[in-house]
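What follows is a short report on a single structure.
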Amino acid sequence: MATTMAMVTTSTMLRIFLLLAVLVFLAGCGAPESDDHAHGADEAEHAHDDGAAAEVVTHYTAQSELFVEFPPLVAGRGSRFAAHVTHLDDFEPVRSGRMDVVLSSDGRTVARFRVEQPARDGLFTPTVTPREPGEFELSIEVEAPGLSTVHQLGRYRVFAGPGAARVVGDAPAGEITYLKEQQWRVPFATEAVRLVAMRASVPGVAYVQAPADGSAQVVAPADGYFTSVDVPRAGRRVESGEILGYLVPRLGEGTDFGRLRAELESARSRLDLARSDVERLSALVDKGAVPERRLVEARAELDVAESEFRSARGRVQQREGDAAEAGIALRAPVSGEIVDVAIAPGAFVRTGEPMVWLADADRRWLELRVPEAHAGRLSETSGAWFVTGDTAVVLDASTGARVIQAARRVDPASRTVAVTIEYPVSTGLRANADASASGLDESDSRPIPGAPGLIGLGLAAHVYVGAPSERIAVPKSAIIDDGGRPVVYLQSGGETFQRRPVETGIRDGDRIEIVSGLEVGERVVTVGAYDVKLAATGSEEVGHGHAH
């Protein structure tokens, strides 16, 4: 029994020893790769272990911007694309949709590689595995909500093996890196530099006025008290002839109420007698008993009696406190909008004192005062522009405005010359007749965004002089003051930018002429230029980078 137990113990110990030996051997051979290491190997495959750099391409269509990075194409080997797609209407990333990478030759599709959705907002990651080497046309098709476009990237070579693979194009130049994820997080936009028809202008001071042919004042026709059931208020539209209120003439000094009542009864009696005379004489004239002249005289006396009665009754009603319609009716002389009211019910006004101001609700005049030094250049005036907030507002034929006149006289007090421009400010002219009278076509009567309607408003403005000419120009928002010098930020690639000093010329509305520093076709940052400037300094305010 003891011998058997000893043999079992020795056998067990031998198995334990062999197991430990195996474990030590396995430990010496190394542990299995972790997930992180496997991911690193995968990334190494995408980066190409042969050390070849990636192709970097930025391409634009009318609808979108494509910024794509991919390893050189190798037959039989997968090349993972990192394709960033941006809507050019709002510079937001494409958040859904599909992408096709197409290889074609002589107009024939050789291979197509599709992904059904982006890996994340704005980023598609198709893998392209060409079957055979050669040169092919490379295009990328994008179908997304509100977007259907094809980016034709040109000819690319598919290499036979990794050892022959090399980058075909040059890397984009640019000392500033500003990644797509940074661009998409803040307001950002770019624009291709182009020739723009621009007009020179001269400065002036402008004031908003009511049109001279579409405004009026209602003044007090006599001393008295204003009364109205429906109080006129600024902003209310009225029609010509509409009653705005009543003016109750002031009573004479020392007049007592008893006397007023007696005068009313006397006037009523005279009115009754005059009516009786007219009725009696009408019957006699019909019988031929009296001449018709007597009836005409009686009717005239009746008219006088009625007028005296109304006047006496009005004076009594005024004292009794019911004077709503006892006075003189104040009517709107023109159709339009009430722009100001200087009286309130019960207020006393004197003869000739302004009470209500009316103006055409659809039009305004801008009266500009230009210094006499520029008077000789005003003969070819075509309009004006001014800035409200951050936006330039243009008043010319293209926006529905027109020049009324450019004075040929220098004001001796202000030493300025007046230029008057009419422009639409509301939903349209009232009728075709008004459109013809104002000189504005109905199709041009839409209100101009940003054009002021507040009468009396003053602002700085510029008057166009001379004919337009084509000049290189960019939006004002593209220009940054950098230490007293104007600079723009040029986009050389999807995520690379250059600082470019420029020399500026004239300004026309929101655009500024670039005399030197830019060429047509180059692309500048028009929204978010200051953020690119911060990126050049390495500021953390604009965020951090991405990993494709």
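The values are calculated or read from the model by the stated rules, or taken from the named source; none is laboratory data. From a predicted model like this one, the values you see are computed outputs, not experimental measurements. Please note: Cβ atoms are built from the backbone with ideal geometry, for glycine as well, and neighbour counts cover all protein chains shown.
For this structure, a couple of remarks:
- Any chance T127 is touching a residue at least 40 places away in the same chain (Cβ under 8 Å), more than 16 Å from H59 (Cα to Cα) and in the same structural domain as H59 (by TED's automatic domain parsing): yes
- The test for being out of contact with any His (no Cβ under 9 Å at 6 or more places or on another chain) and in contact (Cβ under 8 Å) with a residue 60 or more places away in the chain does not hold for D106.
Table: residues versus (1) at pLDDT below 95; (2) assigned to a helix (DSSP H, G or I); (3) under 30 Å from the mean Cα position of the chain (by Cα).
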| residue | (1), (2), (3) |
| --- | --- |
| S398 | yes, yes, yes |
| I404 | yes, no, yes |
| R409 | yes, no, no |
| L440 | yes, no, yes |
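- Taking the stretch 102-121 as the range and being within 30 Å of R185 (Cβ to Cβ) and in contact with an Asp or Glu (Cβ under 8 Å, 6 or more places away or on another chain) as the test, the residues that pass are F113, R114.
- Filtered residues of the stretch 456-479 (kept if surrounded by fewer than 17 Cβ atoms within 10 Å (Cβ to Cβ) and in a loop (DSSP other than H, G, I, E, B)): G456, L457
- The stretch 97-116: number of residues that are assigned to a loop (DSSP other than H, G, I, E, B) and more than 33 Å from the chain's Cα centre (by Cα): 3
- Residue in the stretch 355-373 that is in contact with a strand residue (DSSP E or B) (Cβ under 8 Å, 6 or more places away or on another chain), at pLDDT 85 or above, surrounded by fewer than 16 Cβ atoms within 10 Å (Cβ to Cβ) and among the aromatic types (F, W, Y) present: no
For (1) at negative phi; (2) touching a strand residue (DSSP E or B) at 6+ places or on another chain (Cβ under 9 Å); (3) modelled with pLDDT of 95 or more, each residue gets a yes or a no:
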| position | (1), (2), (3) |
| --- | --- |
| R446 | yes, yes, no |
| P449 | yes, yes, no |
| G453 | yes, yes, no |
| L457 | yes, yes, no |
| V465 | yes, yes, no |
| P468 | yes, yes, no |
| V474 | yes, yes, yes |
| A478 | yes, yes, yes |
| G483 | no, no, no |
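- When residues of the stretch 121-134 are limited to those that are modelled with pLDDT of 95 or more and assigned to a strand (DSSP E or B), the one farthest from R108 (Cα to Cα): L123
- Residue within the stretch 291-314 that is in contact with an Asp or Glu (Cβ under 9 Å, 6 or more places away or on another chain), part of a loop (DSSP other than H, G, I, E, B) and either modelled with pLDDT of 85 or more or more than 23 Å from G241 (Cβ to Cβ) (or both) present: no
- Considering the conditions (1) surrounded by fewer than 19 Cβ atoms within 10 Å (Cβ to Cβ); (2) in contact with a Ser or Thr (Cβ under 8 Å, 6 or more places away or on another chain), D230 is excluded by exactly one of them, (2).
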